[in-house]
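A short write-up of the structure that comes next.
What follows is calculated from the coordinates using simple rules that are stated; it is not laboratory data. On a predicted model such as this, the values are computed, not experimentally measured, just so you know. Every residue, glycine as well, gets a Cβ built from its backbone with ideal geometry; the counts of neighbours run over all protein chains shown.
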Amino acid sequence: MLKRIVACQWALARRGLSTAASSSAVDSLVLRSLKDHYFEVSKMSPPP
């Protein structure tokens with residue numbers, strides 16, 4: 001996940017987007033990853 005975030009941020013920075021735009025893109029990527037993670041955890045059964 002961290003590699004994906006860094007790669008995304010690097011690609012956005014190379015395109016010349018503003019810092020705010022690249023930060024926003026990274027934020028949305030992190031939030032989406034967290035949402036996916038918590039969704040997967042919620043499907044797991046609790047320990048005995």
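Data for the structure
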{"item": "Spin-label model distance (nm) - Ser24 vs Phe39, 7 Å beyond Cα toward Cβ", "result": "2.3 nm"}
{"item": "Relative packing of 41-47, 24-30, which averages over residues the other C-beta atoms within 10 Å, highest first", "result": "24-30, 41-47"}
